[in-house]
Each structure stands twice: as structure tokens, then as C-alpha cells.
Amino acid sequence: MSTKENSGFYRVKEAGLEYQHVKAEIPTPKDGKEFLKRFRENFDLKILSQEGNELVFELIGCDVSFANALRRILLAEVPTVALEYVYMINNTSLLHDEVLAHRIGLIPLNVDPRLFEDLDDPDEATDLNTVVFKLQVSCETQQNSRLQKGKDEDMNFETDPNVIENAELEKAALAATRKKTIETPGRPYTKHVYSGDLVWMPQGAQAKHFPNGIRPVHDDILIAKLRPGQEIYLEAHGRRGIGRDHAKYSPVATACYRLYTEVELVDSVYDDDAKELVYVYEPGVFELVPTSKGTRLGLNRV
């Protein structure tokens, strides 16, 4: 972030460098309208890079308080959808219900929050304010796993009634339990449960509004590890929220800023003083330049 209205300089003292802030002589705006007009004229935003989930941009012509306010808004005020209510049907894993529910709530969902309404009371859940996921995974013994091979296509079964009551989606949830268990030499027979095992259960007209489905942002987030005979069977309901309510609703992992300063030498510095000052400031700012009068302190323009 840089600014055109404020500047400052460093005083060289025995104890080191001391920064002195100097305010430019700009008249105070008479009202909010003039302030906004002046802000629009001086403000500029430039996107420097955008790679994957990282965005770097530059703010020009604004105060540091504006950049900090933007950072706080990104962290706490931008709404997202996250899993809030987890209903445990069966959990025989090593993770306690509370820990498992917390891990599931932190899984980011790839869905536009603007398409949902706010949910104040969980008893008033509808397809307009709630998204439902189901997780049903189990770790079978090695012998049962081999017997199961070749039988996955014929899944005629009955399940306990639940709020979904959709046989096709019940089959999709059960299919997650048929995934191959990981056999690592020298380690116990273990099945890894990932965020990709969560099955979206569309409610009402959600299948029409979300033809591509609703999935976690990443399918490889480890939720738990199961030993033979252990099972996780749960249903999770998500709602819209903001980071101020809980960190799981924050759309960014981190948001930070740094100041761009303009460094200028107001006087020439030579020899011993130059060699001392070149390491006082951040590395790469100053450099030593050989001249006919001696070694001079210069600015590194690279």
C-alpha cells in the first residue's frame, strides 16, 4: 500500500534510526461529500498477481486505516456457507463427537452464499437457507473387504429413516463406505476419511438451482482415520454466516498488508558512516557505491 498525502524521514542517531512522520499540508475537507470526491480522485487499485487462491493487489492514494479496514472486512464481514449443525447417528472412531463436528465445520464449501438466506433458528431450516451433507463410512476387516469386492454394483439395502428420505442419495452415501481401505506395510489396517466422502443431499429445488452440485473446495482434507470395525455415520447442515460469528465462515486463510515507502537520501554519506548505515535499514535498500571521494551510501534501485 502506498500513499501520496503523507511522507516522513529517518533521523540518524547514536542509538539508530528514528522515523519522523510529516503530514502534508492538505486542507481538511469541509464535509463527507468533499472527502469522498478527493478520495475518488486520488485512489487507485492495481492487481499485481492472481495465482490459485492468492490475490495480491496494490492500493494507491489511501491511508493505512483504509487498508486495515479492508483487511478486517475480508476476515470477518464477507459471508460464506459452512457446516454448522452436525447430527451424529453413529461414531465409533477415536475422535470424540465434538472434535469430529469441529473438524467437519472447518471444511470450506464451494457454494455461492448469495444464493442462500440467513438462518436464525435451526428449526426453521428450508432449502433456501440450509445445505445438507451426509457422511457414512466404515472400515471393514481385511477378510470382509475381500468378500465385498465385486458386490458394490448390487446395493439393495434398507436404511434407517432420516430427514432426507431419498433412496438414490442413500445409495450415494453408502457408496462412500465401499472405498478401498488403505493397507500400509508395517502399519495397522486403516481407512482414511476425507472431505470428498461427504455426500451432498439436495433439498427442495436445490438440485435445479445447483446443477453442478455442492462440494467441498478440496476433496483431500483428512477428517479421520478408522480402524477395522469403526464407523462414522452423521448428517451435517450448513448455513450462511460471517467470520465475526466463527472463524470457519472466514473466506480467507489470512489477509495482510504492508506499506510501500519512498526512500530518499537528503545528504551524502561516505566511508565508515556509509558502511554502518547500509546494514541498519532493511537488506537491499541501500548499497555501497565506490566514488573518487570514497565509498558512498546509495539507494539500490533494483
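The values are calculated or read from the model by the stated rules, or taken from the named source; none is laboratory data. On a predicted model such as this, the values are computed, not experimentally measured, just so you know. Cβ placement follows ideal geometry from the backbone for every residue including glycine, while neighbour counts extend to all protein chains displayed. Just the protein is used for accessible areas: all its heavy atoms, side chains included, with ligands, DNA and RNA removed. Shrake-Rupley method; radii C 1.70, N 1.55, O 1.52, S 1.80 Å.
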Hits in the range 39-82 (condition: without any contact (Cβ under 8 Å) to a residue 40 or more places away in the chain, among the hydrophobic types (A, V, I, L, M, F, W, C) and either more than 18 Å from T254 (Cα to Cα) or assigned to a strand (DSSP E or B) (or both)): F39, F43, L45, I47, L48, L55, V56, F57
Check off (1) open to solvent by less than 60 Å² (accessible area, probe 1.4 Å); (2) touching a Pro at 6+ places or on another chain (Cβ under 8 Å) for N110 and give me the number that stays unchecked. (1)
Which of the residues that make up the range 202-244 are open to solvent by 100 Å² or more (accessible area, probe 1.4 Å), without any contact (Cβ under 8 Å) to a residue 24 or more places away in the chain and assigned to a loop (DSSP other than H, G, I, E, B)? P211, N212
Right, L36: open to solvent by 60 Å² or more (accessible area, probe 1.4 Å) and without any contact (Cβ under 8 Å) to a residue 24 or more places away in the chain or not? yes
